[in-house]
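Here the structure is laid out as structure tokens; the discussion comes afterwards.
No value in this document is a laboratory result; all are computed from the given coordinates. Because the structure is a prediction, the values reported are computed rather than measured. Heads up, the Cβs are rebuilt from the backbone with ideal geometry, glycines too, and the neighbour counts pull from every protein chain shown.
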Amino acid sequence: MTSQTITASASASASGTWTLGDRTVNRIGFGAMRLTQHGEAFAPDAVPRDRDQAIGVLRRAIELGVNHIDTAAFYFSSLRSANELINRALAPYPDDLVITTKVGPDRDPSGRWLPHATPEQLRGQVEQNLRQLGLDHLDVVNLRIVGTDSIAERFGALAEMREAGLIRHLGLSNIRPHHLAEARAIAPVVCVQNMYGIGASPDRKEFLDLCGAQGIAFVPFYSIAGTGRTVGATTDDSSEVHTLARARNVSTAQIRLAWTLHQGPHVLAIPGTGDLDHLAQNVAVGSLRLSEDEMHVLDRLRHGTG
């Protein structure tokens, strides 16, 4: 087993880079979902996070080399909006910063989920993101979907906004392979954002590899949280993950994140946190290199063998 020390001052640039269309980003980014509140994301009774703390985390992320932030207009709590926090903390934005947002889902002011947007409603969601972020165009917009139905009309509506200059690049979230093929027949796709982490099924790995073969970034969500999903990281890691973490003197969350980054050079991580220490730990994973033996142990967990 390889010995290696990672430091809390490591830069996101240690993770390597990938391109989103014509934009180059470090492979360790930042997800804004947990920025607005403590506890489970989207829980109506969650405690809003301290505003200055959230702004401090965003600014520190940039200092650590993060230049890819994932957000959405529906990331908000009773007192906080992720987009508006990003605007307050980082505008005027660094030239190399890429902000990716999602459209499709929506929530009313009370936090209740609404039906996903129709093609006609997507324009309003794009304009909402533009307004909250203080931008005249969006770097990347992901169409997030639920189900297996055709996305042609919805993705086509975003493609029209891309042609109009409101959007620079398009991506997809929570999709199946046939959705990707359908979308690529309409307009270029620069990224796919799907759930992925240790324990993922072989068909999910096949899709990740397909994206890489087509030059498309694969951006996993819940790679640390696992079965915890919106609740956050769980404590039910396998004994193998705990053993590797102890041997490396890192957390199990860092092992999970490192394994995900090792799935291919086109994999971009977007771990989210509202805590400065956790932020530093996440960014430091970009310099953590797992050995072949360690990867074999973790891969066996994915395939459910042994």
Inset, instruction - With r as the distance between the Cβ atoms of D52 and D203 and R0 = 35 Å, compute the FRET efficiency 1/(1 + (r/R0)^6) and round to 0.05. - result: 0.20
Legend entry - Isotropic mean projected area of the C-alpha convex hull, region 6-70 (nm²): 5.5 nm²
Legend entry - Helix-derived mean residue ellipticity, 222 nm - over the chain, DSSP H n ≥ 4, -39500 (n - 2.57), to 500: -11000 deg cm²/dmol
Legend entry - Simple label model, 7 Å out from Cα along Cβ direction - E120 to D45, nm: 3.9 nm
Legend entry - R300 paired with A91, simple spin-label distance in nm, labels 7 Å along Cα-to-beta-carbon: 5.3 nm
Legend entry - Projected label distance in nm at A213 and L79, using a 7 Å step from Cα toward the beta-carbon: 5.1 nm
Inset, instruction - Note the full-extension length gain between R289 and E163 as 0.36 nm times their separation in residues minus their Cα-Cα distance, in nm to one decimal. - result: 41.3 nm
Inset, instruction - Starting from the Cα-Cα distance between N249 and D22, subtract it from 0.36 nm times their residue separation and give me the gain in nm to one decimal. - result: 78.0 nm
Legend entry - Unit Cα scatterers, Debye sum, the chain: log10 I(q)/I(0) for q = 0.11, 0.15 Å⁻¹: -0.63, -1.23
Legend entry - Potential extension, E153-A181 segment - 0.36 nm per residue separation minus Cα distance: 8.7 nm
